[in-house]
Amino acid sequence: MCGRYALYGPASRIREQFDLDDGFDFQPRYNIAPTMKVLVVHPGQHGERVASTYRWGLVPSWAKDVTIGARLINARSETVAEKPAFRAAFRRSRCIVPASGFYEWKAAQEAGRTIKQPYFIRPADDGDLFGCAGLSERWVSPEGDEVHTCCIITTDANELMIPLHDRMPVILQASDYGAWLDPHNADVNGLRALLRPAVADSMIVYKVCRAVNSSRGDSPTFVEPV
């Protein structure tokens with residue numbers, strides 16, 4: 001799964017990798033957690049790529065309230081085209097969630113007790129970003145207020161991730177961004193084919209400090225090896 005990640009840019013790299021022309025609201029963040037506001041790349045009104053801030057945790061248009069979003073931060077690639085919560089978004093409102101890297105945890109023993117040791121997974125090339133396959137939805141409250149939300153699609157873990165978890169985010173290749181973001185692309189089988197594990201040697205993983213275990217903190221030290 002993907003339940004915590006970081007995006008620290010720089011903004012110029014985000015703009016370059018995702019071919020964004022317009023400005024966007026960006027501040028480096030090292031401990032992004034569910035229900036927080038996150039940067040999302042999606043098609044604009046004229047087919048251009050734009051970046052907006054959405055709430056992490058998908059709220060389907062038919063939901064009674066936004067609380068369902070806390071349970072829908074991830075969508076499984078195997079069922080995303082059929083599950084009622086995700087199938088409409090899969091067909092018409094796919095997006096990309098940029099990330100500098102993401103966290104995963106593994107149980108470890110320390111001084112006779114079990115701890116949760118966090119690890120950070122980032123691109124092997126430190127200048128790159130992950131483009132995570134995502135879905136977005138627009139939900140309207142009974143009072144008429146709009147809420148834009150998103151989720152991240154997960155797939156089977158690759159060889160690098162298996163020691164930590166059996167799932168990982170779908171990390172799209174840059175050459176697949178266009179097909180994924182195209183709102184007119186109705187090729188379900190072709191879209192499914194993009195939802196595969198990333199190549200293991202395109203990523204690196206290392207231990208980081210346990211301060212990241214709390215979602216309340218945010219510091220550049222969270223992504224530094226220990």
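Mind telling me which of the residues 185, 189 ends up being outside any helix (DSSP H, G or I), at pLDDT 95 or above and of a type in the set (S, T, N, Q)?
Numbers: 189 fails: outside any helix (DSSP H, G or I).
Every option except 185 fails the conditions.
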Next on the checklist: List pairs: first residue in segment 86-98 and closer than 25 Å to residue 7 by Cβ and part of a loop (DSSP other than H, G, I, E, B), second residue at pLDDT 95 or above and polar (S, T, N, Q) anywhere in the structure, Cβ distance under 9 angstrom, at least six positions apart or on different chains.
Outcome noted: 86/79; 93/136
Item to check | Which numbered condition residue 214 fails, given (1) within 28 Å of residue 35 (Cβ to Cβ); (2) surrounded by 13 or more Cβ atoms within 10 Å (Cβ to Cβ); (3) not charged (D, E, K, R) | outcome: (2)
Item to check | Pairs with Cβ under 6 Å, 6+ apart, first in segment 143-163 and closer than 16 Å to residue 201 by Cα, second outside any strand (DSSP E or B) and among the acidic types (Asp, Glu) | outcome: 157/166
Item to check | residue 152, sole failed condition from (1) under 14 Å from residue 63 (Cβ atoms); (2) of a type outside the set (Phe, Trp, Tyr); (3) in contact with a Gly (Cβ under 6 Å, 6 or more places away or on another chain) | outcome: (1)
Checklist outcome for this item: Scanning segment 180-220 residue by residue, those over 20 Å from the mean Cα position of the chain (by Cα) and either closer than 30 Å to residue 44 by Cα or without any contact (Cβ under 8 Å) to a residue 40 or more places away in the chain (or both) turn out to be 184, 185, 186, 187, 188, 189, 190, 211
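Name the residue, out of 124, 193, that is out of contact with any helix residue (DSSP H, G or I) (no Cβ under 6 Å at 6 or more places or on another chain), of a type in the set (A, V, I, L, M) and surrounded by fewer than 20 Cβ atoms within 10 Å (Cβ to Cβ).
Working: 124 fails: out of contact with any helix residue (DSSP H, G or I) (no Cβ under 6 Å at 6 or more places or on another chain).
Unique residue meeting the criteria: 193.
The values are calculated or read from the model by the stated rules, or taken from the named source; none is laboratory data. This is a predicted model, so every value here is computed, not measured. Virtual Cβ from ideal backbone geometry, glycine too; neighbours counted across all protein chains shown.
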